[in-house]
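The values are calculated or read from the model by the stated rules, or taken from the named source; none is laboratory data. These numbers were taken from a predicted model, which means no experiment stands behind them. Here the Cβ positions follow ideal geometry from the backbone for every residue, glycine too, while neighbour counts run over all protein chains shown. When the accessible area is computed, the model is the full protein with side chains, heavy atoms only, and any ligands, DNA or RNA have been set aside. Shrake-Rupley method; radii C 1.70, N 1.55, O 1.52, S 1.80 Å.
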Amino acid sequence: MSETIETSSETITLTIDGQEIQAKAGQTILQAAQKNGIYIPTLCALHASKENGLKSDIAPGTCRICTVRVNGRTMAACTTPVAQDYIVENDTEELNDLRKTIVELLFVEGNHFCPSCEKSGSCDLQALAYRYQMLSPRFHYAFSSREVNAESPKLLFDRNRCILCRRCVLAITTEDGKQLFGFTKRGDKSGIIMDEELVKNISEEQAQQAMHICPVGAIIRKEKGFDTPFGQRKYDHNPIGSETVCTTCNGEKS
Amino acid sequence: MSEHIAALAAKYDNDPNRLLDILIDVQAQERCITDDAARQLAQEVGLSWADIHQTVSFYHFLSETPRGEYTIYLNKGPVAIMQGYEAVATAFSEAAGCPIDSVTEDGRIGLFVTADIGMGDQEVAALINNVVFTSLTPEKARALIKDMQEGVSVQDMASKERAYGDGNNSLPSIGSMVRNNIQKAGPVCLGPYEVGVALRKCVTLSKEEVLEEINASKLRGRGGAGFPTGMKWDFCAKAQGPERCVVANADEGEPGTFKDRVLLTERAELLFEGMALCAYAVGATTGSLYLRGEYTYLREYLEQVLEQMRADNLLGKAIAGKAGFDFDIRVQLGAGSYVCGEESALLESAEGKRGEPRNRPPFPAQSGYRAMPTVIDNVETLASAAQIIDKGAAWFSHMGTEESTGTKVLSISGDCDRPGIYEVEFGITIGALLEMAGARDPQAVQVGGPSGQCLNAEAKDTPISFEGCPSAGAIIIIGKQHDLLAIIDNFMEFFTDESCGSCSSCRAGTWILRNTLRRIRQGQGTREDLTAMRQLSTVMEKTTKCGLGHTAPHPILNTLDNFPHLYEALIPEQSDIRVFDLDASIKAANAAVGRTSVPEEKEEEQL
């Protein structure tokens, strides 16, 4: 799979929610939207920045929350390259209800106890639940039995909270490209696994990065879980999607 | 470090793209792939341990714990359930002394179930160490277990009955009890055929002329989606790339389908000719037959056919005497995954990875197997293409309908007198097929397998065609004696197990639909559940990446539309909101502590 998006020099014109924008050929719809201050929600794609330490954008295409309608057909914005004269619908009632439903699915699939989670207040899933005004899911809970892996000296891996976005699989690798995290099984038995040999010796910098890029509280740096006080957490003052420009972009600003 | 593991990896040049072949060999030799083996393989082929693990855990026939010297995979497809699966499963389990999904204490016998092994016309069936056993009964199951306990070899167990199947099934290189059950041989895939004629005709044409002929025939893909074949070949021919590839998709995992098994058994040369002339038209040099793991028993035969065709100058260098026309084919085994029937998932699997659908674009015609522009076509599509080049586009397009030319090979099974293979012209009605097959008192017809449509009696005049009712080829006839929702439950279990886990809406949506159906079947459903299932189906259809996610809701939606009375019978009227009766629910607790419920008035008095 090609999860790393590269760009080239040709200019593409498309519209998102009626707003005409310019993008570079090879950019995805999500990347083009981000460069133009348009918010498309996502739980798996991640824009490279100083904060998260990524060298390039990643787009696993797993969460499906960034689904947009392109020339009348639904597509994932994070994996669909821009094309000339695309007409993209993003902030519509229909699409937002699809997104809300997916958020509900992720809540009932795992075991999410927000009040006791280290990531609460900085969690993208929680923030999207607020954004889409999820009160209680319309589907029954799975009450899954999920493991907690505390073997690593630096990391706590709580699969109860994992939404299987695969950011860690793609982003956290050794210098020679070996994955520290992987995907296991399939269907309702799917999960993320750790290579305990490699994770045992993970660097402090990379442990922080793994925690930072995890959109929920599945990967926690031990002994630092509740460092950020209430009032200073990521979404305490600004709801998800309210920032209109990327202020820490590694690349050029359009 | 194990020398055995190292030798198996070296057999494939330690190529990470051949990881699946290596794992299949390790599984066959060691009966499992231990964590130590996974770590060693990671070193041998230059991958992460995580890469090895995620591939091993993906495929049904690979395991991290031993599966037994004799590994029984009992088929639990819908037709097997209709025809006695439960009794056979119980007999196997009791005779072996272990429950399903486990191995006996002595490690000798492993008993497992699998989704559908392509024997819908001769259920109940099982795979034992890749050998097929058909028409099983509880008595036969007990006899097989006794043989295993005595150490009889699996091949001897199969040949004991001395009842080889018909046609090529009786050849030494197959040696199987599987029967073809060709009930109606049509003129194209199962019609008169002479090896080599199509290819020798092909090399007298230019590449453009071959493409024109395929386009003129209006042949569409027989795997379900029905994409115009000539258009797909055109895309590949025009794509940039130093080399191109042709892949035959022989991963017919849809429960109820077995047509490609018969074509592989009886028309392998036709398939390979179709691949070769496609290679000629698009400029490919590399060919691969992706053979589902359930059909491993055919591999030796297929290798022999390929060898013979090389000897006859129909594969290899300068095919049919045409200088520069070089093309060869190798067999790539799968290891048990339905989603690998999806073309980009199949390519991932062929490259030794988890068989997950790729993000598109790029499409396989631009960047497919090992980044080569690739044509992936169904077995039946390629076989048809060879006959088109031999007999002409006009001959082919005069059959069938305006938009659905030619014939369709159908696998008909279930409650009928004559289950098996029917090659018919497109446009034939479902009613005509039911009569042809001798349907017995049908209440429903599942066309196209679980991902297709569940139809009622009103569909008898519906034609099988891309304009009418498209079908990849599976038709399951369900008689009135069966609980239709039990079969739908089996379908939903199938989708839940086979979802690759990548897309959240499919991974979660499949088990939610399954569990909701089960709640309804247990008398605990509400009308809100019906609404929620429809809403979830819409989300799955619109947000998932591949056909499995798009079509997994079909069994639910079809039965809600075509068999609403089944749900109405299970959901009482006025059950939109379930009333909670506090007194009734605490009655047992009150009795246990000798307490009578306190009237409201007394409470007020006390306060």
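Below is a table of values for the structure above.
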read-out: Overall Cα dimensions of the range B:127-252, principal axis frame, Å, largest first; value: 61, 33, 26
read-out: More than 17 angstrom apart: percent of Cα pairs within the range A:122-200; value: 58
read-out: In Hz, Karplus ³J(HN,Hα) per residue of the range B:246-251 (6.51, -1.76, 1.60; θ = phi - 60°; x = Gly, Pro); value: 10, 10, 8, 8, 9, 10
read-out: Accessible surface of the protein assembly as shown [probe 1.4 Å, protein heavy atoms]: carbon and sulfur percent; value: 49
read-out: Links that overshoot a 28 Å alpha carbon limit, given the list B:Lys232/B:Lys545; B:Lys146/B:Lys353; A:Lys50/A:Lys100; value: B:Lys146/B:Lys353; A:Lys50/A:Lys100
read-out: Compactness relative to 2.2 N^0.38 Å, alpha carbon Rg of the range B:442-490; value: 1.11
read-out: Estimated vicinal HN-Hα couplings, Hz - the range B:102-115 in sequence order (Karplus 6.51, -1.76, 1.60; Gly, Pro = x); value: 8, 10, 4, 4, 7, x, 7, 10, x, 10, 9, 10, 9, 6
read-out: Radius of gyration, Dmax [chain B; alpha carbons; angstrom]; value: 26.2, 106
read-out: For chain A, built as a Gaussian network whose Cα springs stay under 10 Å, the top-fluctuating residue of A:Thr101, A:Thr42, A:Thr11; value: A:Thr11
read-out: A:Gly191 long-range amide H proximity, modeled H, under 5 Å; value: A:Thr184
read-out: Percentage of interatomic Cα-Cα distances in the range B:1-82 larger than 19 Å; value: 36
read-out: Computed [θ] at 222 nm, deg cm²/dmol, the protein assembly as shown (DSSP H ≥ 4; -39,500 (n - 2.57); rounded to nearest 500); value: -10500 deg cm²/dmol
read-out: 5 angstrom amide H check on B:Ile182, placed H, neighbours 5+ away; value: B:Ile421
read-out: Buried area at the B-A interface (accessible, heavy atoms, 1.4 Å probe, summed, Å²); value: 3700
read-out: Whole-number percent relative contact order across the range B:140-184, with pairs defined as alpha carbons under 8 Å at least 6 apart; value: 25
read-out: GluC sites (Glu not before Pro) within the range B:77-164: DSSP coil, no more than 16 neighbouring Cβ in 10 Å; value: B:Glu105, B:Glu161
read-out: The range B:377-416 - convex hull of the alpha-carbon atoms, volume per residue in Å³; value: 101
read-out: In the range A:95-185, GluC sites (Glu not before Pro) in a DSSP loop with at most 12 other beta-carbon atoms within 10 Å; value: A:Glu147, A:Glu151, A:Glu175
read-out: Sequence-separation-based contact order of chain A, relative, with Cα cut under 8 Å and 6+ spacing, percent; value: 21
read-out: For the range B:382-494, diffusion coefficient by Stokes-Einstein and Kirkwood Rh (Cα), 20 °C, 1.002 mPa s, µm²/s; value: 145
read-out: Burial order of peptide ranges B:206-216, B:74-84 (average beta-carbon count within 10 Å, highest first); value: B:74-84, B:206-216
read-out: The range B:172-215, Rg to Rh (Cα coordinates; Rh as Kirkwood inverse mean 1/r); value: 1.17
read-out: Partners for B:Lys317 among aspartates and glutamates (Cα-Cα distance below 12 Å; same-chain residues under 8 apart left out); value: B:Asp326, B:Asp328
read-out: The range A:1-82: radius of gyration over Cα atoms, expressed as a fraction of 2.2 N^0.38 Å; value: 1.03
read-out: For the range B:580-596, Karplus couplings with θ = phi - 60° (6.51, -1.76, 1.60), whole Hz, Gly/Pro x; value: 9, 9, 4, 4, 5, 6, 9, 4, 5, 5, 4, 4, 5, 9, x, 9, 9
read-out: Principal axis dimensions, the range A:86-219 - Cα atoms, whole angstrom, descending; value: 46, 40, 30
read-out: Tilt relative to chain B, helix B:268-282 - C-alpha long axis, 0 to 90 degrees, to 10; value: 70
read-out: Rg and Dmax of the protein assembly as shown, Cα atoms only, in Å; value: 28.3, 106
read-out: Tilt relative to chain B, helix B:299-311 - C-alpha long axis, 0 to 90 degrees, to 10; value: 20
read-out: Compactness index (Cα Rg / 2.2 N^0.38 Å), the range B:217-278; value: 1.26
read-out: Residues with amide H under 5 Å from that of A:Gly61, placed H, sequence gap 5 or more; value: A:Ala45
read-out: Average partner coverage of B:43-50, which counts Cβ from other chains inside 10 Å; value: 5
read-out: Inter-chain Cβ neighbour average for residues A:176-184, partner chain, 10 Å; value: 6
read-out: Euclidean distance between Cα centres, the range A:124-159 to the range A:30-82, Å; value: 22
read-out: Mean Cα-pair separation over length for chain B, i.e. relative contact order, pairs under 8 Å, 6 or more apart, %; value: 13
read-out: Average beta-carbon neighbours from other chains, 10 Å sphere, peptide B:485-498; value: 1
read-out: For A:Tyr141, solvent-accessible area (1.4 Å; no DNA, RNA or ligand), Å²; value: 110
read-out: Sum of side-chain charges, A:Lys100 neighbourhood, beta-carbon under 12 Å (Lys, Arg +1; Asp, Glu -1); value: -1
read-out: Cα-Cα pairs of chain A separated by more than 33 Å (percent); value: 18
